[in-house]
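> Here's a structure for you.
Please treat every number below as a calculation from the coordinates, not as lab data. This structure is a prediction, so every number in the text was calculated from the model and none was measured. Methodologically, a virtual Cβ is constructed for each residue, glycine included, from the backbone with ideal geometry; neighbour enumeration extends over all protein chains shown.
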Amino acid sequence: MTENGDVTPLVQLENVNKHFGALHVLKDINLTVSRGEVLVVIGPSGGGKSTLCRAINRLETIDGGTITFDGEVLPEEGKALARLRSDVGMVFQSFNLFAHKTIRENVTLGPLKVRRVAKRSADERAMELLERVGIAAQADKYPAQLSGGQQQRVAIARALAMDPKMILFDEPTSALDPEMVQEVLDVMVGLARDGMTMMVVTHEMGFARRAANRVVFMAEGQIVEENTPDEFFTNAQTDRARDFLSKILTH
Amino acid sequence: MDELIKYAPALAEGFLENVKLSLVAGVVSLLLGTILVSMRVSPTPVLRAAGTVYVNVVRNTPLTLVLAFSALGLSDTLGLVFSDVPRTNSFWIVALGLAVYTSAFVCEALRAGINTVPLGQAEAARAIGLTFFQSLTLIILPQAFRAVVAPLGSVMIAMIKNTTVATAGGFLADAAAVMKETFDTTGASIPIFLGIVVAFMALTLPIGYYTGWLARRLAVVR
């Protein structure tokens with residue numbers, strides 16, 4: 001989990017601003033994510049966490065500032081943007097598996113159509129990844145036939161199939177039944193151990209403690225506090241963070 | 001009943017033209033409608049505007065006027081000629097006009113279908129690096145088509161019945177034209193009238209049943 005030789009940050013946000021109409025959802029955000037780092041973003045709903053996460057692969061455009069990924073400013077649109085996105089995996093709250101395609105096809109689609117990998121090797125790789133997330137037996141089923149936890153693990157395999165430089169997790173366990181949260185978190189902890197660069201928007205404090213290098217606390221569109229998980233959870237510096245933690249840790 | 005039997009061969013020949021018009025207009029309108037809906041949802045404002053104008057103009061123009069324009073405007077004035085044989089030429093002119101007209105309805109049915117596909121599907125497609133065109137053809141349209149198989153069936157049924165106004169485009173060989181000609185010489189005949197109705201129902205009823213069945217079979221479970 002230590003940073004490797006390359007010292008340039010993988011992601012760098014400088015003075016990023018974003019409005020939804022009158023609502024200022026991202027206020028002068030400055031943030032870097034190093035290679036191999038696991039960054040957890042927590043904070044109250046509506047605080048801009050998801051918007052921040054989605055801005056990194058430009059599913060949300062920004063109004064001001066710059067976002068640099070792997071030394072390159074995010075392209076505005078077109079083929080260059082598609083290429084960037086293929087290097088940034090994304091796992092959504094609502095899984096968003098392609099509903100008309102089988103589990104295997106969900107995982108192979110990107111490699112086949114974006115990376116132009118041969119069908120056979122895409123299939124082999126898909127089965128390896130599905131094995132890794134424990135869904136290989138369901139490869140020929142459709143997403144709706146799987147539980148939420150299983151679907152989310154497929155979504156992780158789909159992201160991994162692109163060999164991304166980073167994976168963004170936008171509240172990956174928030175839509176899951178409680179008993180399915182752990183199976184998804186276990187896969188994510190495994191990824192973190194393997195050195196994947198991850199930005200995880202989550203309310204799962206257990207995951208933050210087990211796997212994160214750094215916690216970013218966001219509220220009202222601003223980064224209020226940044227710290228190691230241990231420091232943050234035991235010794236938060238700001239009232240806003242302490243207030244938030246007291247609300248979620250007491251029950 | 002006698003007159004139905006007597007004129008059956010001529011009427012059947014006319015009806016065959018309706019079938020042929022339907023086939024051509026069906027295929028072309030599905031293709032054109034797909035292109036139009038791609039324009040209407042594209043990120044390029046010019047394409048979106050062109051698609052919107054096309055649909056709103058064509059869909060709100062009476063079919064007889066579309067066909068008359070195809071024949072008088074496109075063919076006679078602007079010189080769009082498919083064949084030197086007048087009958088063959090007017091067949092293709094009418095087929096084209098009907099396809100142009102029907103494609104606006106195909107487009108709108110498909111657009112309704114696209115609206116049933118959750119936004120997350122397009123986001124996931126873009127997130128793995130698919131281009132707009134790939135997202136549309138691999139993820140969005142396949143799900144949109146499945147959602148609107150039954151409405152598309154209705155559009156096709158309407159189109160098949162619309163082949164009977166081919167006369168407006170100068171094509172005088174379809175079943176309705178033959179029927180009118182027959183009535184002009186022998187007087188109105190209820191058996192002939194009913195015979196044509198039955199022939200059309202034999203074509204359109206199965207389409208309704210088949211697309212209904214297909215819609216259930218292809219439905220995307222979410």
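> P(r) for chain A, please, calculated from all Cα pair distances in 5 Å bins and given in %.
1, 6, 13, 17, 19, 17, 13, 8, 4, 1, 0, 0
> At a threshold of 8 angstrom on Cα-Cα distance, excluding pairs fewer than six apart, so keeping six or more, what relative contact order does segment B:18-171 reach in percent?
36 percent
> Let me spell out the model: positive unit charges on the Cβ of Lys and Arg, negative unit charges on the Cβ of Asp and Glu, origin at the Cα centre of segment A:201-251. What dipole size does that give, in debye rounded to 20?
160 debye
> Something else: Given a Förster distance of 22 Å, report the FRET efficiency between A:Asp63 and A:Arg83 from their Cβ-Cβ distance, rounded to the nearest 0.05.
Efficiency computed from Cβ-Cβ geometry: 0.40.
> Moving to a separate point now. What's the extension gain from A:Asp70 to A:Glu226 if we count 0.36 nm per residue and subtract their Cα-Cα distance?
Here the segment from A:Asp70 to A:Glu226 would lengthen by 54.0 nm.
> With springs only between Cα atoms under 10 Å, which of A:Leu39, A:Leu23, A:Leu191 fluctuates most in a Gaussian network model of chain A?
Highest fluctuation among the options: A:Leu23.
> If you place +1 on the Cβ of every Lys and Arg and -1 on the Cβ of every Asp and Glu, how big does the dipole about the Cα centre of the protein assembly as shown come out, in debye to the nearest 20?
My answer is approximately 640 debye.
> OK, next. Report relative contact order for segment A:1-119 in percent, whole number only (criteria: Cα-Cα under 8 Å, sequence separation at least 6).
Reported relative contact order: 24 percent.
> Give the calculated FRET efficiency between A:Asn235 and A:Gln182 to the nearest 0.05, with a Förster radius of 25 Å applied to their Cβ-Cβ distance.
With R0 = 25 Å, the Cβ-Cβ based efficiency is 0.35.
> Please find, in a Gaussian network model of chain A (springs between Cα atoms separated by less than 10 Å), the residue of A:Val117, A:Val107, A:Val200 whose mean-square fluctuation is greatest.
Per the Cα network of chain A with a 10 Å cutoff, A:Val117 tops the list.
> Next question. Return the percentage of antiparallel bridges among DSSP beta bridges fully within the protein assembly as shown, rounded to the nearest 5 %.
55 percent
> How would the protein assembly as shown be classified by its alpha-carbon gyration tensor: rounded, prolate or oblate, with rounded meaning a/c under 1.5 and the a/b versus b/c comparison settling the rest?
prolate
> Under a GNM of chain A (C-alpha, springs under 10 Å), which listed residue has the highest mean-square fluctuation: A:Val11, A:Val38, A:Val73?
Greatest mean-square fluctuation among the candidates belongs to A:Val73.
> Using a ≥ b ≥ c from the Cα gyration tensor of chain B (square roots of the eigenvalues), is it rounded, prolate or oblate, where a/c under 1.5 gives rounded and otherwise the larger of a/b and b/c decides, a/b for prolate?
In terms of gyration-tensor shape, oblate.
> With a cut-off of 8 Å between alpha carbons and a minimum separation of six or more residues, what is the relative contact order of segment A:11-249 in percent?
Reported relative contact order: 27 percent.
> Applying 1/(1 + (r/R0)^6) with R0 = 35 Å to the Cβ-Cβ distance of B:Ser154 and A:Asp140, what FRET efficiency is obtained, to the nearest 0.05?
According to the calculation, E is roughly 0.55.
> Would you mind checking the pairs B:Lys6/B:Lys180; A:Lys79/A:Lys113; A:Lys18/A:Lys49; A:Lys101/A:Lys141; A:Lys119/A:Lys165 and listing those with alpha carbons more than 19 angstrom apart?
A:Lys119/A:Lys165
> Right, another one. Rounded, prolate or oblate: which one fits segment A:107-251, using the alpha carbon gyration tensor with axes a ≥ b ≥ c (rounded when a/c is under 1.5, else prolate when a/b beats b/c, else oblate)?
prolate
> Out of all DSSP beta bridges in segment A:11-249, what portion is antiparallel? Express it as a percent rounded to 5.
55 percent
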